[in-house]
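Presented below is the structure to which this report refers.
Read-outs throughout are calculated quantities, based only on the coordinates presented, and are distinct from any laboratory measurement. Note that this is a predicted model, so its numbers are computed, not measured.
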Amino acid sequence: MHWMQMGETVHSPAPWDLPLWDPSHVVFFGVLYLVLMALGIGLSLVFRGAMKDMKNEEQGAKH
């Protein structure tokens, strides 16, 4: 495993490869991962709702 030196650029988005001694990296990647989690949760809720609606239509229930 290669440990990063101060001032070296990030070549991987993996959390264990981030130089967290630099506050700008903490803010940028913290916001990035929060946005990705929010998108993932939102898409899964939409997908779950679509499956629920599709199941209700198959059973003959109308809106």
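Subtracting the Cα-Cα distance of SER44 and GLN59 from their residue separation scaled by 0.36 nm leaves 3.1 nm. Karplus-based coupling profile of segment 53-59, in residue order and whole Hz: 5, 5, 5, 5, 5, 5, 7, with θ = phi - 60° in 6.51 cos²θ - 1.76 cosθ + 1.60 and x standing for Gly or Pro.
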